[in-house]
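Enquirer: Handing you a structure now.
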Ligand code: OXD
Ligand code: MN
């Protein structure tokens with residue numbers, strides 16, 4: 001590690017190097033350094049103890065997928081859904097931007113563990129960065145400092161990540177991954193997904209590459225435990241594209257709590273999974289905190305996280321009240337007088353939203369009242385169900401179950417969603433996002449599908465696979481399903497299917513709950529809404545199938561034949577159902 005840090009310093013030429021031990025005293029000094037820069041503020045210490053607001057450069061507010069590269073000698077190895085650079089070329093180009101980039105700055109060295117400190121599934125990374133904001137966030141999102149150097153010892157088995165803010169100009173911004181060397185270089189951005197290298201860069205892009213080689217899975221999935229009456233907890237992992245409600249689902253306050261159904265949070269974004277001695281797939285959450293989207297988060301949508309956010313939290317690009325408290329749209333309160341926008345201007349209605357739509361909170365996971373007692377479990381939790389989903393205003397029913405693993409892989413591979421503000425680009429466009437991994441898969445997605453198919457053959461007790469859509473709209477343009485805490489009703493049906501009990505009928509796309517299969521007591525849902533929520537419309541699916549065909553064609557001969565077979569299977573079943 002010291003040798004690599006020395007190399008990084010020779011390239012970037014910092015004035016000082018600070019090795020982080022993760023102690024409280026050190027954190028205090030990092031926060032002071034963060035506050036000395038003009039973009040960070042301490043929030044009201046009475047109501048938001050040890051909380052901070054950071055305002056990022058307005059051109060640096062989200063992941064920049066067009067500036068994110070996977071660097072391998074053979075272009076084919078990254079596939080049609082990733083940006084490619086040759087490793088030598090990338091080292092030269094990005095190296096020029098990193099060269100001398102830390103002059104006049106401190107280089108912080110942050111050793112960290114992704115995953116519980118004593119878990120065999122966890123892995124060590126080392127990030128060097130010139131941003132105290134990044135260090136303060138890494139401290140919440142990973143286990144940093146001594147615990148990591150102790151685990152590493154004199155071994156060189158760690159993922160090095162070199163990060164520099166550079167000059168924050170998007171024209172000089174690159175997030176480059178070298179999977180074969182297990183190396184990350186990021187320059188020109190301070191935004192979470194681009195700069196907290198343990199998260200998307202390591203725990204998804206590099207880890208997905210490692211996982212395929214080593215026979216495990218690194219997925220963009222939340223992990224939750226559903227407790228049922230009697231106290232048994234069944235674990236599920238769910239993949240939704242960015243900003244589709246993973247955090248809210250993982251931390252849900254169940255609408256069926258008085259019937260004995262309660263949700264426990266293990267993770268809200270990433271799952272690392274290995275086959276356990278019991279034949280189940282076991283999952284750990286590699287992260288130690290939640291980096292959640294603030295707008296839309298309130299006491300109605302996510303009371304658990306709201307109860308966690310009043311201490312030890314870093315807010316990024318939210319609004320600021322005259323009493324030094326954070327504010328965002330959907331928090332549940334009207335804009336207060338004297339509100340300041342995320343750009344630091346006085347808010348009025350002409351300014352639009354006071355908080356940036358991708359503004360975030362970074363909060364320690366253990367502060368959520370819903371945190372699972374298994375959160376630190378070294379062996380992880382056994383997963384009984386995988387849930388895929390996205391925002392589909394028209395197409396997909398509220399929930400359906402795949403016929404088997406191979407069909408489930410097809411369901412995941414054909415996932416699509418209407419885009420949100422988590423990445424730069426147009427919002428509201430439907431894009432294919434297989435397993436929610438489109439921006440995060442560190443190799444050719446066709447090979448990733450094959451890895452999923454192979455894993456299914458190796459797992460003695462594979463999870464059942466489901467698809468949900470909380471976002472279906474009626475003819476009036478309104479959401480048909482209330483969502484949030486009511487989603488537990490869908491989880492309950494999934495649990496019943498896992499236990500071989502829930503009722504369902506076969507449709508061309510999978511098993512859909514029968515009209516009375518969902519527990520709906522206490523919900524005033526018109527029966528037309530219910531019918532609409534479960535409807536499988538042949539015309540809509542026909543259109544979607546032609547889009548899927550185009551998407552699959554991108555992968556050419558590398559697409560696994562089993563997925564072509566599954567595609568034909570859906571087409572055939574629709575033809576039968578129409579002629580019947
Ligand atoms: C995230 C994302 O921040 O997916 O989790 O963009
Ligand atoms: Mn995510």
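Derivation of every value follows stated rules applied to the coordinates shown; laboratory data play no part. Keep in mind that what you see is a predicted model, and the values were worked out from it rather than measured. Every residue, glycine as well, gets a Cβ built from its backbone with ideal geometry; the counts of neighbours run over all protein chains shown.
Enquirer: Using 7 Å Cα-to-Cβ label points, what is the residue 93/residue 577 separation (nm, one decimal)?
Expert: Inter-label distance under the simple model: 4.5 nm.
Enquirer: Right, another one. What distance in nm separates the two pseudo spin-label positions at residue 146 and residue 3, each 7 Å out from Cα along the beta-carbon direction?
Expert: Inter-label distance under the simple model: 2.7 nm.
Enquirer: Based on the Cβ-Cβ distance from residue 323 to residue 10, what FRET efficiency comes out when R0 is 35 Å, to the nearest 0.05?
Expert: So, using R0 = 35 Å, E works out to roughly 0.15.
Enquirer: Just from the alpha-carbon atoms, what are the Rg and Dmax of segment 423-558 in angstroms?
Expert: Looking at segment 423-558, its Cα Rg and Dmax stand at 17.6, 51 Å.
Enquirer: Now for a separate question. Please report, for the Cα atoms of the chain, the Rg to one decimal and the Dmax as a whole number; what are they, in angstrom?
Expert: In Å, with Rg to one decimal and Dmax whole: 23.3, 75.
Enquirer: Follow-up. In a Debye calculation with equal point scatterers on the alpha-carbon sites of segment 257-366 and no solvent, what is log10 I(q)/I(0) at q = 0.10, 0.13, 0.22 Å⁻¹?
Expert: -0.39, -0.59, -1.18
Enquirer: Within 10 Å, count the other beta carbons around each residue, average over each peptide in 567-577, 465-475, and list them highest first.
Expert: Output ranking for 567-577, 465-475: 465-475, 567-577.
Enquirer: Now, a different point. As a test of the formula, what do you get for the chain when each DSSP H run with n ≥ 4 contributes -39,500 (n - 2.57) and the sum is divided by the residue count, at 222 nm and rounded to the nearest 500 deg cm²/dmol?
Expert: When only DSSP H runs of four or more count, the value is -8000 deg cm²/dmol.
Enquirer: If R0 is 30 Å, what FRET efficiency do you get for residue 535 and residue 257 from their C-beta distance, rounded to 0.05?
Expert: For residue 535 and residue 257, the calculated efficiency is 0.50.
Enquirer: So how do 216-226, 44-54 stack up, highest first, on mean other-Cβ count within 10 Å?
Expert: 216-226, 44-54
Enquirer: Quick one: plug the Kirkwood hydrodynamic radius of segment 377-469 (C-alpha pairs) into Stokes-Einstein at 37 °C, 0.692 mPa s, and report D in µm²/s.
Expert: D, rounded to a whole number, is 227 µm²/s.
Enquirer: Here is a further query. What is the calculated FRET efficiency for residue 348 to residue 299, with r their C-beta to C-beta distance and R₀ = 30 Å, to the nearest 0.05?
Expert: Computed FRET efficiency for residue 348 and residue 299 comes out at 0.70.
Enquirer: Just want the ordering: 99, 154, from fewest to most Cβ atoms lying within 10 Å of their own Cβ.
Expert: The fewest-first ordering by Cβ neighbours comes to 154, 99.
Enquirer: A further question on this structure: log₁₀ I(q)/I(0) of segment 302-449 at q = 0.11, 0.19 Å⁻¹, via Debye over equal Cα point scatterers, no solvent, to two decimals?
Expert: -0.67, -1.22
Enquirer: Find the relative contact order for the chain and round it to a whole percent, using C-alpha pairs within less than 8 Å whose residues are 6+ positions apart.
Expert: Relative CO of the chain lands at 15 percent.
Enquirer: Continuing with this model, one more query. State, to one decimal in nm, how far the label point of residue 418 lies from the label point of residue 525, with both points 7 Å from Cα in the Cβ direction.
Expert: Taking the two extended label points, one gets 2.0 nm.
Enquirer: Counting pairs of alpha carbon atoms under 8 Å apart in space and at least six apart in sequence, what relative contact order in percent does segment 385-481 give?
Expert: 46 percent
Enquirer: Still on this structure, please answer the following. Along the principal axes of its C-alpha atoms, what lengths does segment 12-60 span, in descending order and rounded to whole Å?
Expert: Its Cα atoms span 39, 32, 15 Å along the three principal axes.
Enquirer: Order the peptides 182-190, 543-551 from the highest to the lowest mean number of other Cβ atoms within 10 Å of their residues.
Expert: Packing proxy ranking, top to bottom: 182-190, 543-551.
Enquirer: Give the residues of segment 489-526 whose amide nitrogen is closer than 12 Å to a point set 7 Å from the Cα of residue 545 in the direction of its Cβ.
Expert: Counting only backbone N, you get 508-509.
Enquirer: Further question on the same structure: How many percent of DSSP beta bridges within the chain run antiparallel, rounded to 5?
Expert: Roughly 65 percent of the DSSP beta bridges within the chain come out antiparallel.
Enquirer: Would you mind calculating the gained length between residue 429 and residue 83 on full extension (0.36 nm times residue separation, minus the Cα-Cα distance), in nm to one decimal?
Expert: Between residue 429 and residue 83, full extension yields 122.5 nm more.
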